[in-house]
Every structure is written in structure tokens, then in C-alpha cells.
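The values are calculated or read from the model by the stated rules, or taken from the named source; none is laboratory data. Source: prediction; values computed, not measured. Neighbour counts are summed over all protein chains in view; Cβ atoms, including those assigned to glycine, are modelled from backbone coordinates with ideal geometry.
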């Protein structure tokens, strides 16, 4: 039986392995964030290849799987391959307008069961039914609102047609994005969030902003690592060189 002293001693031994914390100071909130964001977007449009390369490195370091295709039409084949290699049948996705991509037809033609989320608000009873559909799915497909090169993080905003459960409940999550969502750092994410919330448009974005950095990881007090307890065991990023159609991001 482990004594109290032994238990605390093991915790201290593990804490010694943690590097020292760097000094932190609050960031200054930017003035005129929308104007500054427009300038930043022009700069990022020239640097996106470097941003993507760094995103891939960091994303793969945290256990993500990266895919790159030239055209939007190639995305269903990537999703079907991910599902097929894992013997998955049930796929759930954002609404086509939110995803900026029609998946149901192409994936159904490949033998998969596909459920797309509705594009508008639904009743409480229907919401419960849809949550059960998402929870029973093997693979969830979403878009990405921001892809952060510095950390390999994907930022996903909830809202009509884009429930957060799609990225959280299935065992496997695949996220589709193009160069327009790439940013270089968490500091730039802060600017984007300020711009999003500068006016009343933020109310239409949903209640949750999720930062996804690789598969779900959970460690107990003894630092035993387990994947998939509080989210997907696998996370795939599908980058499309061709720009995705439509809008949906501020």
C-alpha cells in the first residue's frame, strides 16, 4: 500500500521534470481590430506557404494526421479513405453551406452512411435526436475557422449548421480548410477574435470556440496518458490548395 509520503514524493518527482515557467504579462487589446486584421490578411496571403509548413510540423508533433489535395473534388476520396482504413461506416458532417463542401452524395456513393447537420436552429427534441446521431457516428467532418501555425491548432467556432459535437463526439475528427484560415501565432488569433467581436456579428457565431491541438489526451495524477477520453482519438487535417467556395468567416 502506498503511504501518503510516498504518494506526495512521486508527485514532486514528476513536477521536477517540468521546465520552469516563463514570465507572463497581459496582452494589450488592439484598437480598430478590423482594420488591423485586413492589413494582416494581406500580409498572410503572401506568407501562407511558410505558415502551412509550420502548421504541418506542429500538427504532426501532437499526433495529428495531415492530408493535402489540389482540388475540392478530391476531399470526399480522402474522407472515404480515412473511414475505409478504420472500418468506419457512419459519418456526420456540418451543413454543406457551413462546410463549403457537399459530402453526402459522394460519400454515400462510396458506401458510407452520411448525416449532414441542418443549417438552421431546430427544436429541443430534434436537437437531442441529432446529438444522438453525432454520438453514434464514427467520423465527424468539420471546417476550420483558424489554423494556427505556431502550435498546430485548429480553431472551430460553433453555430447554425456547425454544432461543436461534430468535432467532439465521434472517435475520429477530420477538418477541411484552405489557405484563408491560416494564421501564424496565438497573438494573431487574439486579433482575429477581437475583430470578430467588434460588433453585433459575433452573436451569429454560436456559443463556443474550440481550440483543437491534436487528438484528445488525458493523464491521471500519475501522468498515465490516455487518448480519446474527452474527445476524438484521431484528428485529421485536410488542406485544399484550391480555395473553398462561399464565406462564413469574418
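Residue-by-condition table, conditions (1) out of contact with any helix residue (DSSP H, G or I) (no Cβ under 6 Å at 6 or more places or on another chain); (2) modelled with pLDDT of 95 or more:
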site: 140; (1), (2): no, yes
site: 147; (1), (2): no, yes
site: 155; (1), (2): yes, yes
site: 172; (1), (2): yes, yes
site: 175; (1), (2): yes, yes
site: 195; (1), (2): no, no
site: 202; (1), (2): no, no
site: 215; (1), (2): yes, no
site: 221; (1), (2): yes, no
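Restricting the search to the range 75-87, which residues are over 18 Å from the mean Cα position of the chain (by Cα) and surrounded by fewer than 19 Cβ atoms within 10 Å (Cβ to Cβ)? If the condition is that a residue be over 18 Å from the mean Cα position of the chain (by Cα) and surrounded by fewer than 19 Cβ atoms within 10 Å (Cβ to Cβ), then 77, 81, 84, 85, 86, 87 are the ones that fit.
State yes or no: is residue 20 outside any helix (DSSP H, G or I) and either at pLDDT 95 or above or under 19 Å from the mean Cα position of the chain (by Cα) (or both)?
Values: outside any helix (DSSP H, G or I): yes; either at pLDDT 95 or above or under 19 Å from the mean Cα position of the chain (by Cα) (or both): no.
No; evaluated as a whole, the condition is false for this residue.
You will find that of 114, 92, the residue that is under 21 Å from the mean Cα position of the chain (by Cα), over 22 Å from residue 59 (Cβ atoms) and buried (at least 24 other Cβ atoms within 10 Å of the Cβ) is 92 and no other. Report yes if residue 184 is at negative phi, surrounded by fewer than 17 Cβ atoms within 10 Å (Cβ to Cβ), modelled with pLDDT of 95 or more and over 14 Å from the mean Cα position of the chain (by Cα), otherwise no. No; evaluated as a whole, the condition is false for this residue.
Filtered by the rule that a residue be touching a residue at least 12 places away in the same chain (Cβ under 8 Å) and surrounded by 10 or more Cβ atoms within 10 Å (Cβ to Cβ), the range 1-38 gives 10, 11, 14, 27, 30, 33, 34, 36, 37.
Taking helices (runs of 4 or more DSSP H) that do not extend beyond the range 55-132, which have at least 3 residues that are within 26 Å of residue 152 (Cα to Cα) and in contact (Cβ under 8 Å) with a residue 24 or more places away in the chain?
Working: elements: 75-85, 96-99, 104-109.
Hits in the range 55-132: 75-85, 96-99.
Inside the range 133-166, can you point out the residues that are more than 30 Å from residue 53 (Cβ to Cβ) and either free of Cβ contacts under 8 Å to residues at least 40 places away in the same chain or touching a strand residue (DSSP E or B) at 6+ places or on another chain (Cβ under 8 Å) (or both)? Matches in the range 133-166: 133, 134, 135, 136, 137, 138, 165.
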